[in-house]
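Sharing a structure below in structure tokens format, with a few things to ask.
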Amino acid sequence: MASEEVLKAVFPFLDGVDLASCMAVCKQWKDIARDDFFWKCLCAKRWPSICKRPNPPTVTYYNLYKTFYKRQHRRTLLPPRISFDDLEFFIDIWAENTLLFSEVVPGSVLQSGFKIPASGVCDMLKYHLEGSEYKMTFPVEPRFTIPSGQNQNVSVSVMAGRKDSNKVARIINKSMFDYIDRSSFRALAFDYLDISPGYPFLSGIRAWISLLFMEDGSEDLMDVFGIQMDFCDVANSKEEVLWLLDMLDWK
């Protein structure tokens with residue numbers, strides 16, 4: 001039996017990875033292994049319905065198998081269309097009718113974060129702040145306190161402004177700090193983002209904001225020294241956060 005006939009008898013029994021490896025042996029093997037019949041057989045094992053058509057939905061069955069036989073690796077994001085220098089954040093915190101905190105925070109300040117105080121911060125909170133998740137933080141100056149048990153009366157609103165277009169988007173709308181994580185000394189609130197109608201399949205994405213308070217030995221007061229905001233449900237890098245912010249419903 002000629003070598004070409006032997007190869008044509010053996011190749012149908014190979015899986016896709018081995019058949020593709022055979023194409024790298026020599027020109028003869030490559031020419032034989034590129035025969036679309038072999039790749040149609042492989043496609044028929046994985047997607048039988050596709051092979052019921054007289055012709056492949058792509059140029060060849062080889063291209064079909066090569067493109068879809070395994071899950072695509074996560075692709076690198078394109079550079080964001082906005083930067084933190086283009087943004088500013090309007091943050092207001094209320095205890096019922098009393099305004100506790102009201103600041104316009106430049107995006108560059110949120111991006112750079114702040115140095116963790118040398119004392120008074122519990123180890124668990126330090127571990128959280130130094131973790132790999134992308135967070136935006138800034139110091140609260142002057143600091144303010146919240147009586148323990150009164151956190152559910154404290155609400156927060158966050159708006160974002162774009163300097164490049166003079167538009168504003170809502171991030172958090174009067175959300176309450178319903179949950180206190182005593183292990184890491186954080187009070188947390190969240191709201192669902194208003195995404196632009198241009199992205200109709202994006203919904204249920206949460207923005208989180210946390211009050212960071214000191215470990216002062218007293219459970220009667222929460223001594224707030226910093227604020228953290230993140231979108232860790234879906235965005236875990238600077239680029240992902242900027243893309244997400246770009247998709248807000250800017251008005």
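Considering Thr67, Thr76, Thr60, which residue is at pLDDT below 85 and open to solvent by less than 70 Å² (accessible area, probe 1.4 Å)?
Going through Thr67, Thr76, Thr60 in turn, the sole match is Thr67.
Only one of Phe37, Phe68 is of a type in the set (Phe, Trp, Tyr) and farther than 30 Å from Glu240 by Cβ; which?
Phe37
Among Asp123, Asp92, Asp85, which is modelled with pLDDT of 90 or more, among the charged types (D, E, K, R), open to solvent by 80 Å² or more (accessible area, probe 1.4 Å) and out of contact with any Cys (no Cβ under 7 Å at 6 or more places or on another chain)?
Going through Asp123, Asp92, Asp85 in turn, just one is modelled with pLDDT of 90 or more, among the charged types (D, E, K, R), open to solvent by 80 Å² or more (accessible area, probe 1.4 Å) and out of contact with any Cys (no Cβ under 7 Å at 6 or more places or on another chain): Asp85.
Just to verify a result, which residue in the range 154-173, among those that are part of a strand (DSSP E or B) and free of Cβ contacts under 8 Å to residues at least 60 places away in the same chain, is most open to solvent (accessible area, probe 1.4 Å)?
The residue in question is Asn173.
For the structure I just gave you, tell me whether Phe138 is loosely packed, with under 12 Cβ neighbours inside 10 Å and either among the aromatic types (Phe, Trp, Tyr) or within 13 Å of Ile91 (Cα to Cα) (or both).
No, not satisfied.
The values are calculated or read from the model by the stated rules, or taken from the named source; none is laboratory data. Note that the structure is predicted; figures quoted are calculated from it, not measured. Note that each Cβ is placed from the backbone with ideal geometry, even for glycine, and that neighbours are counted across all protein chains shown. When the accessible area is computed, the model is the full protein with side chains, heavy atoms only, and any ligands, DNA or RNA have been set aside. Shrake-Rupley method; radii C 1.70, N 1.55, O 1.52, S 1.80 Å.
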